Amino acid sequence: ELRAQAGRHDFRGFEMSRSVFLSACLIVRDAEEDLAWCLSSLSGEVDEIIVVDTGSRDATKSIARKYTKHVFSFAWQDDFSAARNFALSKVHGLWVFFPDSDEFLAGETGALRRAVKGAEGLGEKALSILRREVDEQGHPAGMPENPAVRILRRGGGMAYHDPVHEYLAYPDGSAPAAPLVPADELYLLHRGYAPSRKAAKAQRNLAILERLEREGKKKLYLHFYLAGLYFDLGRYEDACRE
């Protein structure tokens, strides 16, 4: 199976990295406030860490290099899926954990690897992890917990789709089943929606969604997310229109 996967990658990489079963893979930009927090939670939990920078102007790259030698650059294209798929092309592991730079892996030591090995034995192709929203101090941010698909098995053509609110799917458009890892064993702390950051994140995503709307793409999808972003930014008339 590894030989079949080698079509898009140098087969020597697989030969040299047989010990790489589980990789962590991140796309980052201007993440100096969070990156060390995120990467420190991965220490000892994965076999390799891949960091793809999409144009940072702060200390993000230098922080990343303290944790891994696998730091790559990718020109930002206003498309999260393009960046994530590029990052996946640099991975050596059979399984990939794909956190955001403002997420912290929490729970039992070794739970990530145990969950992945269990999924491999059952023939699963992806797993979800419960995400808990916190502020910069780690206190609950008053938002509901949500499962996020963060673990995938490479192969089968699975890739990310859509420029924002990206999702995993096979070439035929079907999404993989992604059972939830028990939250008492493993979960994520996410501080990207802390009150002090929520508006900036909304503005970033809004710019992409408004461009897609101008291009006439995925109208129902866009109306749903645009309404939420306009509401978060206090643009209530725009939210009602969407």
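The values are calculated or read from the model by the stated rules, or taken from the named source; none is laboratory data. Fair warning: this is a prediction, and the values are worked out from it, not measured in the lab. Every residue, glycine among them, receives a Cβ derived from its backbone with ideal geometry; neighbour counts consider all protein chains shown. Heads up: the accessible areas ignore ligands, DNA and RNA and are worked out on the full protein's heavy atoms, side chains in. Shrake-Rupley method; radii C 1.70, N 1.55, O 1.52, S 1.80 Å.
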Quiz item: In a shell of Cβ-Cβ distance under 11 Å around Glu103, excluding Glu103 itself, what net charge do Lys and Arg (+1) and Asp and Glu (-1) give?
Solution: 0
Quiz item: Ignoring ligands, DNA and RNA, what percent of the 1.4 Å accessible area of the chain is carbon and sulfur?
Solution: 52
Quiz prompt | P(r) histogram, all alpha-carbon pairs of the chain included - 10 Å bins from 0, percent | solution = 7, 29, 38, 21, 5, 0
Quiz item: Taking a probe of 1.4 Å, how large is the accessible area per residue of the chain, in Å²?
Solution: 50
Self-check item: 14 Å tail of the calculated P(r), the stretch 145-184, as % of Cα pairs
Solution: 51
Self-check item: Cα Rg, Dmax (largest Cα-Cα span) when computed across the stretch 10-143, Å
Solution: 15.1, 48
Exercise. Calculate, in nm to one decimal, what Arg114 and Trp76 gain on full extension: separation in residues at 0.36 nm each, minus their alpha carbon distance.
Key: 10.2 nm
Exercise. Report the one residue of Leu112, His190, Leu226 whose Cα lies farthest in the direction of the positive end of the charge dipole of the chain (charges on C-beta: Lys and Arg +1, Asp and Glu -1; origin at the Cα centre).
Key: Leu112
Exercise. Calculate, for Ser40 and Lys69, the FRET efficiency according to 1/(1 + (r/R0)^6) with r their C-beta to C-beta distance and R0 22 Å; round to the nearest 0.05.
Key: 0.85
Exercise. Could you check what % of the DSSP bridge pairs in the chain are antiparallel, to the nearest 5?
Key: 50
Exercise. Work out the FRET efficiency for Phe224 and Asp172 from their Cβ-Cβ distance, taking R0 = 22 Å, and round it to the nearest 0.05.
Key: 0.40
